[in-house]
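Read the structure below first, then the notes.
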Amino acid sequence: MTAILTVANQKGGVGKTTTAINLAAAIAQRKKKTLLIDLDPQANATIAFFDPADVQVSMFDVLGDHRAEMAAAIKPTKDPMLFVAPAKLALAKLEQQLAGQFDAPFKLKDALAASLKEYDYVVIDTPPALGILTVNAMVSSTHLVVPIQAAYFAIEGTDDLLETYERIRARPNPALKVLGVVITLFDKRTNISRDTHEQIRSVFGPVLFKTRIGKNVRLEESPAYKETIFTFAPKSPGAQEYRKLALEVTQRVEEDRIASHTEDAA
Ligand code: ADP
Ligand code: MG
């Protein structure tokens, strides 16, 4: 069974894309065949791997009226265990194109079905909005990973995300779970970071991952060189933290599988 993880938070600049890229790369390093899907029209995750000119088939072609096969969009990376399904700005037109189609929220789930058995993990990067693209990601997924920036007002926006999550669980995808919340852009020198960490811990409790992602300039630089943190600066704190996060993520997925099996057997 493939674990499908949506990385979501409707705020921009909270480390979604950085987390999607480096979490996917770290899971791939754990010898799990991993597919990173870029569902953000801004295509930041895509650009971190490829030149836009080298993207022939994007998720827009897969999800839109074009109906390209998912397999046609998937591209290999330098890591033989890591694959990327790229985005293009055209994805921004999808909302309009899918308007009124009764199966609009299921486009990704349907497209992904044929490719799923090839991958152990799928990681989906989403735009900073709770529109049709993020809904498609959540309908297709087994789990949600929520990055929250260590900054004031960081938690405010999560209400809407959790409301969307509950609505998706209520009908199209009752199996969806929150795998965890991860604190990003943490700066241990500031009170703001420490205060928000406390606040996030009191709101989310055990859902919070133990691993915190600190502010690390290497994480900011690596996409410009079309590298993940693991080839760009493998010994940096950012690399170490994303490795630790991937370990926690894969452990929680395994634990969840065992728990679900026990439930099924009971
Ligand atoms: P989102 O996808 O939520 O908009 P990004 O991952 O693109 O957020 O991050 C926003 C900006 O912050 C980017 O310039 C990114 O390089 C930078 N960034 C993200 N995480 C870190 C980090 N841990 N340390 C330093 N810079 C970071
Ligand atoms: Mg992003």
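The values are calculated or read from the model by the stated rules, or taken from the named source; none is laboratory data. Being a predicted model, the structure only gives us computed values, none of them experimental. Here Cβ is always computed from backbone atoms with ideal geometry, including for glycine, and neighbour counts include all displayed protein chains. What goes into the accessible areas is simple: the full protein's heavy atoms, side chains included, and nothing from ligands, DNA or RNA. Shrake-Rupley method; radii C 1.70, N 1.55, O 1.52, S 1.80 Å.
Can you count the Lys pairs in the range 145-266 whose Cα atoms are under 26 Å apart, with each pair 8 or more apart or on different chains?
14
Dipole of the range 98-194, Cα-centred, from +1 at each Lys and Arg C-beta and -1 at each Asp and Glu C-beta, to the nearest 20 debye?
200
With Cβ to Cβ distances under 11 Å as the rule, what net charge do the other residues near Asp110 carry (K, R +1; D, E -1)?
+2
Setting aside same-chain residues fewer than 8 positions from Lys78, which aspartates and glutamates have a Cα under 20 Å from its Cα?
Output for Lys78: Asp38, Asp51, Asp54, Glu118, Asp120, Asp125, Glu220, Glu221, Glu227.
What translational diffusion coefficient, in µm²/s and rounded to a whole number, does the Stokes-Einstein relation yield for the range 220-266 at 37 °C and a viscosity of 0.692 mPa s, taking the hydrodynamic radius as the Kirkwood radius over Cα pairs?
Estimated via Stokes-Einstein, D reaches 260 µm²/s.
Among Lys88, Lys107, Lys31, which one shows the biggest mean-square fluctuation in a GNM of the chain, springs joining Cα atoms closer than 10 Å?
Checking each option, the largest mean-square fluctuation is seen for Lys31.
Scan the range 166-266 for trypsin sites (Lys or Arg not before Pro) in coil per DSSP, keeping those whose Cβ has at most 15 other Cβ atoms within 10 Å, and list them by number.
Here the trypsin sites (Lys or Arg not before Pro) that fit, given the DSSP loop and packing criteria, are Lys188, Arg189, Lys210, Lys226, Lys235.
How large is the convex hull of the Cα atoms of the range 161-247 per residue, expressed in Å³ as a whole number?
Convex hull volume per residue, Cα atoms: 134 Å³.
To the nearest 20 debye, what charge dipole does the chain have about its Cα centre, counting +1 at the Cβ of each Lys and Arg and -1 at the Cβ of each Asp and Glu?
Computed charge dipole of the chain: roughly 720 debye.
Around Ala137, under 12 Å between beta carbons, what's the net of Lys plus Arg minus Asp minus Glu among the other residues?
Result for the local shell: 0.
Can you sort Glu221, Glu248 by solvent-accessible area, 1.4 Å probe, largest first?
Heavy-atom accessible area, descending, gives Glu221, Glu248.
Charges at C-beta only: +1 for Lys and Arg, -1 for Asp and Glu. How large is the resulting dipole of the range 19-130 about its Cα centre, in Debye rounded to 20?
Charge dipole of the range 19-130: 380 debye, to the nearest 20.
How fast does the range 63-145 diffuse by Stokes-Einstein, in µm²/s, taking the Kirkwood radius from C-alpha pairs at 37 °C and 0.692 mPa s?
The Stokes-Einstein estimate is 240 µm²/s.
How much space per residue, in cubic angstrom, does the convex hull of the C-alpha atoms of the chain take up?
123
Ignoring ligands and nucleic acids, what accessible area does Met81 show with a 1.4 Å probe (Å², nearest 10)?
Per-residue accessible area (Met81): approximately 50 Å².
If you roll a 1.4 angstrom probe over the protein chains with everything in place, what fraction of the accessible area of the range 1-137 belongs to carbon and sulfur, to the nearest %?
56
To the nearest 10 square angstrom, what accessible area does His143 show with a 1.4 Å probe?
In the full protein context, His143 sits at about 10 Å².
DSSP beta bridges in the chain, what fraction antiparallel, as a percent rounded to 5?
If we restrict to bridges inside the chain, about 5 percent are antiparallel.
Gap in Å between the Cα centre of the range 1-30 and the Cα centre of the range 211-266?
Going from one Cα centre to the other spans 8 Å.
Report the residues of the range 37-65 in range of a label on Gln101: point 7 Å along Cα→C-beta, backbone N strictly under 15 Å from it.
58-65
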